[in-house]
Amino acid sequence: MLKTLAALLFATSTSAVYAADEASCPAFLDYDLPRLHSNETVNLCKEAAGKPLLIVNTASHCGFTKQFGGLEALHQKYKDKDLVVVGFASNDFNQEAKTEEEAARVCQQNFGVTFTMIAPSYVKGRRANPIFRELGKRTREPGWNFNKYLVDRNGKVLSHFSARVKPDSEELTKAIESAL
């Protein structure tokens, strides 16, 4: 069900020479991560070089799952202004789909998600993937699904928003717009 955390922990940190924006990317974002229900990987330093990120831990069967729709709306509204939305499927709270195929179906068919989704991994505690381990150190680790972390163009973690902060909230919208 879950791709092994080892795939993330032992992922090779990319050592290729990047463009100027990518060269300044912080190490905690420089991992090759498996895309949800795909053989492809994504490296956030490459995908979001010089762009602000909204990183969210997600789940397919949670009271907050409807937030996928709001996250997709944010993605559509701000993608041309450089915001990169990235969802990390997580089963830390036992709310994830049984398979990656099912998780992808929930995201794509039920909510029309087109933003980047990462395969299931842990997002809290000692087993947390390296990105969420660092987000937890810099702010706080997720207490539930759909915690949102806003990271600026230089990789500085600006804000943490709990699951109760909806994607269309004024609080989150103002933070995103100030990061753009």
- request: Consider Cys45 carefully, then state whether it is within 20 Å of Arg138 (Cα to Cα), hydrophobic (A, V, I, L, M, F, W, C) and either in contact with an Asp or Glu (Cβ under 9 Å, 6 or more places away or on another chain) or modelled with pLDDT under 95 (or both).
  value: yes
task: Output the residue which, of all residues in segment 28-77 that are in a loop (DSSP other than H, G, I, E, B) and of a type in the set (Asp, Glu), is surrounded by the most Cβ atoms within 10 Å (Cβ to Cβ).
output: Asp30
field: Filter pass, Gly87 being over 11 Å from the mean Cα position of the chain (by Cα) and modelled with pLDDT of 95 or more
entry: no
statement: Contact list, first residue from segment 166-179 and part of a loop (DSSP other than H, G, I, E, B), second anywhere and modelled with pLDDT of 95 or more and buried (at least 19 other Cβ atoms within 10 Å of the Cβ), beta-carbon distance below 7 Å, six or more apart or interchain, is Lys166/Gln67; Pro167/Gln67; Pro167/Leu71; Pro167/Leu74
- request: May I ask you to say which residue of Glu96, Glu102, Glu170 is acidic (Asp, Glu), crowded, with 16+ Cβ neighbours inside 10 Å, over 16 Å from Glu72 (Cα atoms) and over 12 Å from the mean Cα position of the chain (by Cα)?
  value: Glu96
statement: Here the residues within segment 125-149 that are in a loop (DSSP other than H, G, I, E, B) and either in contact with a Gly (Cβ under 7 Å, 6 or more places away or on another chain) or of a type in the set (Asp, Glu) (or both) are Ala128, Glu141
task: Could you give me the residue pairs with C-beta distances under 7 Å whose first residue belongs to segment 28-47 and is more than 20 Å from Tyr149 (Cβ to Cβ), whose second residue is assigned to a strand (DSSP E or B) and among the acidic types (Asp, Glu) wherever it lies, and which are 6+ apart or on separate chains?
output: Thr41/Asp32
query: Looking at segment 111-152, which of the residues that are touching a residue at least 24 places away in the same chain (Cβ under 8 Å) and of a type in the set (Val, Ile, Thr) is surrounded by the fewest Cβ atoms within 10 Å (Cβ to Cβ)?
result: Thr114
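The values are calculated or read from the model by the stated rules, or taken from the named source; none is laboratory data. The model shown is predicted, which means the values in this text are computed figures rather than measured ones. Please note: Cβ atoms are built from the backbone with ideal geometry, for glycine as well, and neighbour counts cover all protein chains shown.
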